[in-house]
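Below is one structure, written out as structure tokens; the observations come after it.
The values are calculated or read from the model by the stated rules, or taken from the named source; none is laboratory data. Keep in mind that what you see is a predicted model, and the values were worked out from it rather than measured. Because the Cβ atoms are built from the backbone with ideal geometry, glycine has one as well, and the counts that use them run over all protein chains shown.
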Amino acid sequence: MSIAQPPLILWQFTDTHLAADPAATLMGVNTLDSLRRVVAAACVDAPRPRAVIATGDLIHDDSAAAYRLLAATLAPLAAPVLCLPGNHDDAALMRELLGAGAVRYAEHWLAGRWQVILLNSAQPGQAAGRLPAAELARLQACLARYPEHFALLCVHHPPLAIGSPWMDAMGLVNGAELLELAAARPRVRGIVWGHIHQEYEAEWRGLRLFGTPSTCVQFTPGAERCTLDPRPPAYRWLQLHGDGRIDSGVRRVAL
């Protein structure tokens, strides 16, 4: 009789918006202090993750010092931190500074019966995202290379409208293409993203869809224009089961 394997545990941190200056704030919130509190809360959480996915807007000032501060601040998580860029990141600088080590730029990660595919949707100088043809081709190549693995896709920008007009105007421009590609491949089980600074969960043609709050400032769901939400920062936990199921939720951290 086969023994059921425990689920693969992942955490998602997103939109940390760090700067070289430890005193820097975003909309009145000290982003470093907020991230440190989230990390401290996560460090006493259980079960522990096999990896942490950091889904973009990791820094806010285009500085090397901010990426070094990010790596130092996330190090206590004691798990690989797999980073992808958002619209506030410098992908080339990320590759250079986070090319190795526990906190690193990543495109693909394999564990158990799952593969995690990290996509770069950032467009230089643009708030909205787009997945270029090369990224979509890379995605399809990963899926073809590991046809027996279930897949979780990670990206910064939301691939569909979330019901906030101002945010929907700067989502993933070719999100419908990503959704169609994913839904046509039954082994793709879910997509997670950042950017929206709020919690979102839905299902679309069998795909589980997850948007995650920021580790600093939150935006009010359903708002027509940028409106701050007083809810505290958070991170997401995911349990990836051997039969392809995904369980997930958000843990808020009081400041």
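Structure data summary
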read-out	value
Of residues in segment 183-203 being part of a strand (DSSP E or B) and in contact with a Pro (Cβ under 9 Å, 6 or more places away or on another chain), the one surrounded by the most Cβ atoms within 10 Å (Cβ to Cβ)	193
Subset of segment 42-70 [assigned to a loop (DSSP other than H, G, I, E, B) and over 22 Å from residue 127 (Cβ atoms)]	44, 45, 46, 47, 48, 49, 50
Pair list, Cβ < 7 Å and 6+ apart or interchain, from segment 168-196 residues that are touching a residue at least 60 places away in the same chain (Cβ under 8 Å) to residues that are of a type in the set (Asp, Glu) and surrounded by fewer than 23 Cβ atoms within 10 Å (Cβ to Cβ)	none
Residue within segment 130-145 that is surrounded by 15 or more Cβ atoms within 10 Å (Cβ to Cβ), part of a loop (DSSP other than H, G, I, E, B), touching a helix residue (DSSP H, G or I) at 6+ places or on another chain (Cβ under 7 Å) and modelled with pLDDT of 95 or more present	yes
Tally, over segment 90-122, of residues that are among the aliphatic types (A, V, I, L, M), without any contact (Cβ under 8 Å) to a residue 12 or more places away in the chain and part of a loop (DSSP other than H, G, I, E, B)	1
The listed residue being hydroxyl-bearing (Ser, Thr, Tyr) and in a helix (DSSP H, G or I), out of 73, 16	73
Scope segment 93-113; condition of a type in the set (Asp, Glu) and over 21 Å from residue 148 (Cβ atoms); matching residues	96
Residue, nearest to residue 187 (Cα to Cα), within segment 204-255, restricted to residues that are in a loop (DSSP other than H, G, I, E, B) and in contact with an Asp or Glu (Cβ under 6 Å, 6 or more places away or on another chain)	213
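Matching residues to (1) touching a strand residue (DSSP E or B) at 6+ places or on another chain (Cβ under 7 Å); (2) over 18 Å from residue 158 (Cβ atoms):
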{"residue": "170", "(1), (2)": "no, no"}
{"residue": "176", "(1), (2)": "no, no"}
{"residue": "187", "(1), (2)": "yes, yes"}
{"residue": "192", "(1), (2)": "yes, no"}
{"residue": "202", "(1), (2)": "yes, no"}
{"residue": "237", "(1), (2)": "yes, yes"}
{"residue": "248", "(1), (2)": "yes, no"}
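Yes/no matrix, rows are residues, columns are (1) surrounded by fewer than 18 Cβ atoms within 10 Å (Cβ to Cβ); (2) at pLDDT 95 or above; (3) polar (S, T, N, Q):
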{"position": "209", "(1), (2), (3)": "no, yes, no"}
{"position": "214", "(1), (2), (3)": "no, yes, yes"}
{"position": "220", "(1), (2), (3)": "yes, yes, yes"}
{"position": "234", "(1), (2), (3)": "no, yes, no"}
{"position": "239", "(1), (2), (3)": "yes, yes, yes"}
